Amino acid sequence: MPDTPREKSNRILAGVTGRAGSGKTTFARMLARKGALHLEADSIAWTLYSHPTIKKNLKETFGKKIFDRTGEVDRQTLGKIVFCDPDELTRLNAIMHPTLEGELRYRINHAAERVVILDAALLLDWSIAKECNFIIGLETSEVVSIIRLKRKKMPRDKAKLILTTQRSIEEFRELCDIMVENNGDPEDLELEAEKIWKSLVLPLLKEI
C-alpha cells in the first residue's frame, strides 16, 4: 500500500501497471467496465505533445528532426531516439512527466465516477503512485510479452529493447500491492478483474 497516509477522499484511485505487453491496459479496461473511469496515461501523454510549451521544449532538446512536415511530433522518430539511449529517455521523461501528472490529477479530481483506474507503465516512478488506494501489477513472461507486442506490429528487436529499459518483474512484485499473472486467456484475466473488484474496490466504496 502507499507508504504515506492518504487523505480521506470520496473517490477511489486504483493504479494498474506492468511491463510492455503485460496486458495492463486490457485489465484496466475490464475494471473500468464495472463502473469506473479509465485513464490511460500513454494516450493522454500523446495529446500533450501538441501543447506549445511541450513542443518548444522537445525541439530545444531533440531538434527539428523529431517533427513531421505538419509540425507535429513524429512518434516513430522520437521513439527510435529515446529507446536506444537511456539518457535520451530520461530527458524526454523530464519534459513530459510533470505535465502529464498534472493532467492526470486534474482528470482524477474532476471525475464524475467514484472509482478511477490509472493505467500507466511508469506509475511506480511517479509521485501520484502514493495517492493510489492500491496498485495492481500485471505479470507476464517475456516470451508472451514479445508475442503480444509483435501482434501490434512492433519488431521483435524493438520489443526486446523496450523491455530492457523497464523495471524487472521482481521490482513490480516488490512495489505493487497485488500482482496478477496474465499468461493465459482473456477469460482468465476477466475472472481476476471480477475478483479484485469484489475484494478490493467494493469494500472501499462502502467506506466513502
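Brief remarks on what is shown
- Residue match in region 61-72 (condition: without any contact (Cβ under 8 Å) to a residue 24 or more places away in the chain, buried (at least 17 other Cβ atoms within 10 Å of the Cβ) and among the aromatic types (Phe, Trp, Tyr)): yes
- Filter pass, residue 24 being in contact with a strand residue (DSSP E or B) (Cβ under 9 Å, 6 or more places away or on another chain) and basic (Lys, Arg): yes
- Taking the conditions (1) under 18 Å from the mean Cα position of the chain (by Cα); (2) more than 20 Å from residue 108 (Cβ to Cβ); (3) in a helix (DSSP H, G or I) in turn, residue 129 satisfies each one other than (2).
Yes/no per residue for (1) surrounded by fewer than 14 Cβ atoms within 10 Å (Cβ to Cβ); (2) of a type outside the set (Phe, Trp, Tyr); (3) not in a loop (DSSP other than H, G, I, E, B):
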residue: 10; (1), (2), (3): yes, yes, no
residue: 17; (1), (2), (3): no, yes, yes
residue: 21; (1), (2), (3): no, yes, no
residue: 45; (1), (2), (3): no, yes, yes
residue: 59; (1), (2), (3): no, yes, yes
residue: 89; (1), (2), (3): no, yes, yes
residue: 92; (1), (2), (3): no, yes, yes
residue: 96; (1), (2), (3): no, yes, yes
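- Residue within region 160-173 that is under 23 Å from residue 79 (Cα atoms) and of a type in the set (Lys, Arg) present: yes
- When residues in region 149-195 are screened for being part of a loop (DSSP other than H, G, I, E, B) and surrounded by 15 or more Cβ atoms within 10 Å (Cβ to Cβ), 6 of them pass.
- Those residues of region 86-102 which are hydrophobic (A, V, I, L, M, F, W, C) and closer than 18 Å to residue 50 by Cβ, in sequence order: 92, 95, 96, 100
- Filter pass, residue 145 being in a helix (DSSP H, G or I), free of Cβ contacts under 8 Å to residues at least 60 places away in the same chain, more than 22 Å from residue 92 (Cα to Cα) and out of contact with any strand residue (DSSP E or B) (no Cβ under 8 Å at 6 or more places or on another chain): no
Read the figures in this text as sums done on the coordinates, not as results from a lab. Quick caveat, the model's predicted, so the values are computed rather than measured. Ideal geometry is used to build each Cβ from the backbone, glycine not excepted, and the neighbour counts take in all protein chains shown.
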